1. Could you check what % of the DSSP bridge pairs in the chain are antiparallel, to the nearest 5?
2. For the chain, what's the relative contact order in percent, using C-alpha pairs closer than 8 Å and at least 6 residues apart?
3. Taking neighbour Cβ counts within 10 Å as the exposure measure, how do Lys160, Lys6, Lys223 sort from fewest upward?
4. Taking a ≥ b ≥ c as the square roots of the Cα gyration tensor eigenvalues, with a/c under 1.5 meaning rounded and otherwise prolate when a/b beats b/c, else oblate, which class fits the stretch 155-201?
5. Using 7 Å Cα-to-Cβ label points, what is the Glu173/Asp251 separation (nm, one decimal)?
6. So what is the 222 nm mean residue ellipticity for the chain from helices alone, if each DSSP H run of at least 4 adds -39500 (n - 2.57) and you divide by all residues, rounding to the nearest 500 deg cm²/dmol?
7. Could you tell me the center-to-center distance, by alpha carbons, between the stretch 156-185 and the stretch 215-258 in angstrom?
8. Nearest 20 debye, what's the magnitude of the dipole of the stretch 7-257 about its Cα centre given +1 on Lys and Arg Cβ and -1 on Asp and Glu Cβ?
Amino acid sequence: MKLMGKTALVTGAARGIGRGCALELARAGADVAINDRNADEHLASLADEIHSLGRKSLVVAGDVFDHDTCGRLVDQVVAAWGAIDILVSNPALSRRNAFLDTPRDEFDRTLRGTLSSGFSMSQHAARRMVARGRGGAIVFISSVHARMPYADSAAYNAAKAGLNHMARTIAAELAADRIHVNVIEPGWIDTPGERRTFGDDVVQRSGAALPWGRLGTPADIGKAAAFLASDDADYITGATLVVDGGFLLRDALPARHRPAESLRLVPKRDESDA
C-alpha cells in the first residue's frame, strides 16, 4: 500500500489503459478520482471496483480537450479531498490516415486531444501541488509511437513525441518543488479500442508476434504508473519508461526467434486508443 493517504486523478479512465491505471493506484492505497467525457456506466462500474478495494472514488466527468474544463476537474478533486497528489494524464486521440490524405483539421484535433490536453491537465494540477508545497507526481501516458515513425499515424506520432519532450521540460521546471514528472510509453496493449480497430481475432493471435509472447494489459501500465507515483520513484523525474514487452526490440531479435507474423497490420477502422 505504497500510496496510502494519497489522492489521485486519472483522465480517460472509463476503459483501457486509464481504467487499468485507476485500479492499480487504488490497489496501492490511493483514493482515485476518475474522469472521462461522460459519466456513463463504465465510470460507474469503475467507481464500484475502486470502492470494493477499500478506497474512495470520485467521478469527475468532463472533456479534457477543453482547457477550462481541466481546471474545473482539478478544482472538484481538491474541493472533495483537499488536495491532489497524483495526476495520471491519459487523454489521446488517434486517427489512422496516410499523410497525404490527412485533413488539416484532423491533424489539429489530434494534437489538441493528445498534447494540448496533457498540457492543460498537468498545468492545473501542478499549480495546486506547488501551492500546497508538499510535492506530487505527474505521469503522462505516451506511446512507443513517440519514437517510432509508424505509417499512417503522422499526427498521433507527432503528438506523442511532443508530449514526451513537454514532460521533460515540465520536470525540469518543477524539480525544485519536488514534483516528479515522468512518462510511460506503452507498446501494444489489449484494450477495447484496439479490438475495435483490428478485430478480436487479430488481437488474440498477435501477442505471439511480440518478443514477450503476449500483448500488454492495462494492468501492466497501471503498475508502472503506481510505481512512478510512489516514494520508490523518489529519485526519478524527467524519465521515460517503456512498457512494451519488447515491441521496440522485435526487429533486433535473432533470426531464429523472429515471429513469422508481421505487426504491420491494417486496421478495419481508423480509430485507436493505443
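Every number in this text was worked out from the coordinates using simple rules, so none of it is lab data. Remember, predicted model here, so these are calculated numbers, not experimental data. Here the Cβ is made from the backbone with ideal geometry for all residues, glycine too, and neighbour counts use every protein chain on show.
1. On the way: 1 of 27 bridges.
So the antiparallel bridges amount to about 5 percent of the total.
2. Numbers: 585 pairs, mean separation 56.8, N = 274.
After rounding, I find 21 percent.
3. Details: Lys160 27, Lys6 22, Lys223 19.
The order, fewest Cβ neighbours first, is Lys223, Lys6, Lys160.
4. Details: a/c = 5.14, a/b = 2.55, b/c = 2.02.
Note, shape of the stretch 155-201 comes out prolate.
5. The modelled label-to-label distance comes out at 3.5 nm.
6. Values: 9 runs with 109 residues, N = 274.
It comes out at -12500 deg cm²/dmol, rounded to the nearest 500.
7. First find each Cα centre; the distance between them is then 16 Å.
8. Values: 27 positive and 30 negative charges, 60 e Å.
Computed about the Cα centre, the dipole is about 280 debye.
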